[in-house]
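Worksheet for the structure shown next.
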């Protein structure tokens, strides 16, 4: 009897081990930094993310929706950004003018060593934080057989195994840019580290103006949020789908701003100062949008009156026949949310303003992102 039990147990354990060691599964445990041990209380807390460390003295940061606001999501002391995946993301310094502030890195031990000559699709996402006075290129993944372990504030000079094919200066403050590429393994690589592994003199950088709606202090560095890290073994290059180029990435950025504090404002003013923003051709409401819409919900439930929701497009969307009606969908999604919360749909009208009322006429990607929006007019 005991023999039969142990045999059955061995089969279960064997099956579990096999499931855990699927070579085609993501080799990165906790790639979106969602699993946390203990309470996150202060900056430099990347070690709280299961499986992750900082291999240099000054630790990278971990941001979480369950943490204090200074290290929270989407709002924190470094800026404002919705997670690319889940509720958390990491943060690191990739460049500092004159090397005046130490770089950070995030590193993890992969589930399995990489197989010799096997190909892997490697991805992670970056977003420049508003606190940054600079933006830089050279954000990369470095694979190694041993863990980098430097007990001082010193940059890691190593091979950048995967970076964006154009290696652009990542200067997008809103939304996420994808870093993606194919890596052919030497065999036995067990550790993945993300950061800048190139000397300052060989790192391109841009000095940025302080965002008008950023009230915090800027740092003399390029500070990036990092999220959604994956390493997947592939059989052919066509199985790794990467963004085409940096310009395509920027086309899809989403402008974001924190919901207003409605205290002391009249209902008409709350509506006037509220906007929801979208990526190119997208009508999906985010957690940030729900924060804005909840302010509208409050004035609609506490007062009589009617609401008009207007969907706005950027000029490129208007010229794109596939998405030129997206303004209607954006406005309808907002209306549906308010109706689902108890507002009488007869009190709400929607319209597609196309690109007739541009908020920003600069023609830049940043300007286009500010134009892809919803506006609200409340009538008592």
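Here, each number is a calculation from the coordinates, and none is a lab measurement. Everything quoted here is computed from the prediction, not taken from an experiment. All Cβ positions, glycine included, derive from the backbone under ideal geometry; neighbour counts span all protein chains shown.
Okay, here's what the table says:
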| read-out | value |
| --- | --- |
| DSSP-defined beta bridges in the stretch 267-379 - what % are antiparallel, rounded to 5 | 60 |
| 215, 300 arranged by Cβ crowding within 10 Å, fewest neighbours leading | 215, 300 |
| Residue-span extension gain [residue 336 to residue 118] - 0.36 nm each, minus C-alpha spacing | 73.7 nm |
| Segment residue 85-residue 160, length gained on full extension (0.36 nm per residue, minus Cα span) | 24.6 nm |
| Extension gain from residue 146 to residue 30, taking 0.36 nm per residue of separation minus the Cα-Cα distance | 39.8 nm |
| Beta bridges per DSSP with both ends in the chain, % antiparallel, nearest 5 | 90 |
| Folded to 0 to 90 degrees: helix 287-302 orientation relative to the chain principal axis, Cα | 30 |
| Exposure proxy ranking, count of Cβ atoms within 10 Å, fewest first, for 191, 24 | 24, 191 |
| Protection-proxy order for peptides 164-175, 344-355, each taking the mean of Cβ atoms within 10 Å per residue, highest first | 164-175, 344-355 |
| Sum of -39500 (n - 2.57) over DSSP H runs of 4+, divided by residues of the chain (222 nm, nearest 500) | -6000 deg cm²/dmol |
| Peptides 301-309, 196-204 ordered by average Cβ neighbours within 10 Å, highest first | 196-204, 301-309 |
| Sorted by Cβ neighbour density within 10 Å, fewest at the top, the residues 257, 186 | 186, 257 |
| Modelled FRET efficiency - R0 25 Å, residue 153 with residue 184, Cβ distances, 0.05 increments | 0.15 |
| Cβ crowding within 10 Å averaged over residues, with 262-273, 87-98 ranked highest first | 87-98, 262-273 |
